[in-house]
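Trainee: Before I ask anything, let me first share the structure, which is written out below as structure tokens.
The values are calculated or read from the model by the stated rules, or taken from the named source; none is laboratory data. Remember, predicted model here, so these are calculated numbers, not experimental data. Here Cβ is always computed from backbone atoms with ideal geometry, including for glycine, and neighbour counts include all displayed protein chains.
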Amino acid sequence: MARLAYAASMKVELPIPDALFREAEKAARRLRMPRSRFYSQAIERMLRDLDVEETTRLLDEVYGAGAPGIDPAFRRAVRKALRPKQRGEW
């Protein structure tokens, strides 16, 4: 069975403040990326960040600051590992 080289997509229309739109356009051009891909990647990044925040919140419930027996160094390492990577980080 042949695999399709593209994913199904949906067209959307939504209001964006003019200044934000201009900044997004400049960034997409600078990255030599189609506008739709730029917005898709921005949404994907936001969803990943939200997922990390939810995971961190759940771990905080289990291993909260006052949880006995949890090594503070381990707690810091977990937080660092779950933190979203910044531009240029590996």
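Trainee: Under 9 Å between Cβ atoms, at least 6 apart or on separate chains: pull out the pairs that start in the range 64-90 with a residue that is more than 21 Å from Leu47 (Cβ to Cβ) and at pLDDT below 75 and end on any residue that is basic (Lys, Arg) and part of a helix (DSSP H, G or I).
Mentor: Every condition considered, the pairs that remain are Ala65/Arg75; Ala67/Arg75.
Trainee: Check off (1) in a helix (DSSP H, G or I); (2) modelled with pLDDT of 80 or more; (3) more than 21 Å from the chain's Cα centre (by Cα) for Glu13 and give me the number that stays unchecked.
Mentor: (1)
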